[in-house]
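K.L.:
I have a structure I would like to understand better, so I am pasting it below and will then ask my questions one at a time.
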Amino acid sequence: MAEFEVPKAGEVCWRELRTKDLAAAQEFYSTLFGWKLEQSKVTDTAYKEIINGNTANGGMMAIDESWGPEPPPSHWANYIAVDDADATAEKITANGGSVHVPPFDAPGVGRMAMVADPSGAGFAIIQFAAMA
């Protein structure tokens, strides 16, 4: 199993490809960069962790029908670690940003939200669950 060290608040800590063709993305990136891609052990859905050395530092997931009738195009998302996802989401809106998906629990991972800065640049925040 790949290692993962819980980052400090404020660190960009995870990069996630959200793609309309997961199989093609896996082939492209593993061939291009030699990435090892493994099925995540924290979810039953098709979520591939990007393993470099023995460290997980990103993931890939499919954009499918669960994204609704007008899903976004394929894109990369960056996650920033926070101490409190709910309080950070409030600070984002108080400072002119927006919350696209309010904080929610991701079992086995933590609490996260999809947000944007005042210019509309999207990113995600994540409050990691205590590592057992």
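The values are calculated or read from the model by the stated rules, or taken from the named source; none is laboratory data. Since this is a predicted model, take the numbers as computed values, not measurements. FYI the Cβ positions are ideal-geometry reconstructions off the backbone, even for glycines, and counts take in every protein chain you see.
K.L.:
Quick check on my filter: what residues within segment 34-68 are among the small types (Gly, Ala, Ser), buried (at least 17 other Cβ atoms within 10 Å of the Cβ) and either under 23 Å from Pro7 (Cβ atoms) or assigned by TED's automatic domain parsing to the domain that holds Val109 (or both)?
P.N.:
Matches in segment 34-68: Ser40, Ala56, Gly58, Gly59.
K.L.:
Okay, moving on. Hey, can you tell me all the residues within segment 75-119 that are over 19 Å from Ile63 (Cα atoms) and in contact with a helix residue (DSSP H, G or I) (Cβ under 6 Å, 6 or more places away or on another chain)?
P.N.:
Hits for segment 75-119 are Val82, Val99, Pro103, Arg111.
K.L.:
Still on this structure: With the requirement that a residue be polar (S, T, N, Q) and assigned to a helix (DSSP H, G or I), what does segment 17-76 give you?
P.N.:
Gln26, Ser30, Thr31, Ser66
K.L.:
Return the pairs, sorted by first residue and then second, in which the second residue is part of a strand (DSSP E or B) and among the polar types (S, T, N, Q), the first residue lies in segment 29-57 and is without any contact (Cβ under 8 Å) to a residue 40 or more places away in the chain and farther than 17 Å from Ala106 by Cα, the beta carbons are less than 8 Å apart, and the residues are 6+ apart or on different chains.
P.N.:
So the pair list comes out as Trp35/Asn52; Lys36/Asn52; Ile50/Asn57.
K.L.:
Still on this model: State yes or no: is Thr31 loosely packed, with under 14 Cβ neighbours inside 10 Å, β-branched (Val, Ile, Thr) and farther than 27 Å from Thr88 by Cβ?
P.N.:
Yes: the conditions hold for Thr31.
K.L.:
Given the conditions (1) under 12 Å from Ala124 (Cβ atoms); (2) surrounded by 14 or more Cβ atoms within 10 Å (Cβ to Cβ); (3) of a type in the set (A, V, I, L, M), which single one is not true for Val101?
P.N.:
Exception for Val101: condition (2).
A quick yes/no check of all residues on (1) under 14 Å from the mean Cα position of the chain (by Cα); (2) of a type in the set (D, E, K, R):
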| residue | (1), (2) |
| --- | --- |
| Glu3 | no, yes |
| Cys13 | yes, no |
| Arg18 | yes, yes |
| Asp21 | no, yes |
| Gln26 | no, no |
| Ser30 | no, no |
| Asp44 | no, yes |
| Tyr47 | yes, no |
| Ile51 | no, no |
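K.L.:
Let me ask something else. Considering only strands (runs of 3 or more DSSP E) fully contained in segment 89-132, which possess at least 3 residues that are farther than 16 Å from Glu16 by Cα?
P.N.:
98-106
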